[in-house]
1. Kindly provide the set of residues from region 86-118 that are modelled with pLDDT of 95 or more, more than 16 Å from ligand 1 (Cβ to nearest atom), part of a helix (DSSP H, G or I) and in contact with a helix residue (DSSP H, G or I) (Cβ under 9 Å, 6 or more places away or on another chain), ordered by number.
2. For region 19-29, state whether one or more residues are within 7 Å of ligand 1 (Cβ to nearest atom), assigned by TED's automatic domain parsing to the domain that holds residue 106 and not in a loop (DSSP other than H, G, I, E, B).
3. For region 134-147, name all the residues that are within 16 Å of ligand 1 (Cβ to nearest atom) and under 20 Å from residue 165 (Cα atoms).
4. Going by the conditions given, is residue 23 more than 16 Å from ligand 2 (Cβ to nearest atom), buried (at least 22 other Cβ atoms within 10 Å of the Cβ) and in contact (Cβ under 8 Å) with a residue 60 or more places away in the chain?
5. Would you confirm, using the coordinates I've provided, whether residue 130 is assigned by TED's automatic domain parsing to the domain that holds residue 178, at pLDDT below 95, surrounded by fewer than 24 Cβ atoms within 10 Å (Cβ to Cβ) and within 16 Å of ligand 1 (Cβ to nearest atom)?
6. Do we have residue 193 as over 19 Å from residue 71 (Cα atoms) and more than 23 Å from the chain's Cα centre (by Cα) here?
7. Take the conditions at pLDDT 95 or above and touching a helix residue (DSSP H, G or I) at 6+ places or on another chain (Cβ under 7 Å) and apply them to residue 24. Does it pass?
8. Which count do you get for residues in region 129-158 that are touching a residue at least 60 places away in the same chain (Cβ under 8 Å) and closer than 24 Å to residue 54 by Cβ?
Ligand code: FES
Ligand code: FES
């Protein structure tokens, strides 16, 4: 597949049907685009496709064929990027590339319709509604977008006129060149994958990761239960009595979400057995076991005895 990225023609192989974010980050090395929720919720992975903002985690890479793609690296000198640095519109900066790419598209639309005037807070909020900043830098973000649209950052000050930005690392974070741990891939790096259980109570029967070496972190009981605050230790809801629940961050997490495996060199898949007991009742949970689950009483499941 051939397409244009930040003004340069690029060719990539998309036979394995990757998401656009994977092509941009892993195959082209443009790590300014961040993958956070992988579900179209946070906006951190936003890129422009023919000038229109798109969440790249939900965009198949094949859709970029023949299109003009702009990532945050291509907007490093854009007035919006300068305004984010100048108005201190960030803290950790992880969400910032997505905001800058979206705000740059808004900037172009606003300028075409209104010229160098200041948009209202509601207009900025509507344009950036698909973005989340966990650091809560929203006040600075509103200021930066309004100032950029009004023309305060149209020219880059040089030499002694250039005021110091509030954060010294801001230009790297607004331009996408800042490196976070997730952007580094030293040799031999092990990758953690979170698999969310589709069942409230279940036993993890097996985990598969293709041909990749695998480091199992499940406790010997391999129980998965509902999770609350991951750091709170409480009695295990379905496992052996008095066993404290392992920290959710180590092996399992919320049950109410759809099962999810992270894009990577090989998907990791889990198989579950739902033939578990309700706490204290001694009766099986009212969940229909999947067809591959052995009949009740079979010894092959590996779950602790009811
Ligand atoms: S990572 Fe794509 S929207 Fe959050
Ligand atoms: S600056 Fe940290 S999440 Fe937005």
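The values are calculated or read from the model by the stated rules, or taken from the named source; none is laboratory data. As the structure is a computational prediction, the values presented were derived from the model and not from experiment. Note: ideal-geometry Cβ built from the backbone for every residue, glycine included; neighbour counts use all protein chains shown.
1. Those that are modelled with pLDDT of 95 or more, more than 16 Å from ligand 1 (Cβ to nearest atom), part of a helix (DSSP H, G or I) and in contact with a helix residue (DSSP H, G or I) (Cβ under 9 Å, 6 or more places away or on another chain): 104, 106, 107, 109, 110, 111, 114.
2. Yes: one or more hits.
3. 135
4. Considered against the rule, which asks whether it is more than 16 Å from ligand 2 (Cβ to nearest atom), buried (at least 22 other Cβ atoms within 10 Å of the Cβ) and in contact (Cβ under 8 Å) with a residue 60 or more places away in the chain, residue 23 comes out as no.
5. Against the criterion (assigned by TED's automatic domain parsing to the domain that holds residue 178, at pLDDT below 95, surrounded by fewer than 24 Cβ atoms within 10 Å (Cβ to Cβ) and within 16 Å of ligand 1 (Cβ to nearest atom)), residue 130 qualifies.
6. no
7. For residue 24, the condition - at pLDDT 95 or above and touching a helix residue (DSSP H, G or I) at 6+ places or on another chain (Cβ under 7 Å) - is not met.
8. Qualifying residue count, region 129-158: 6.
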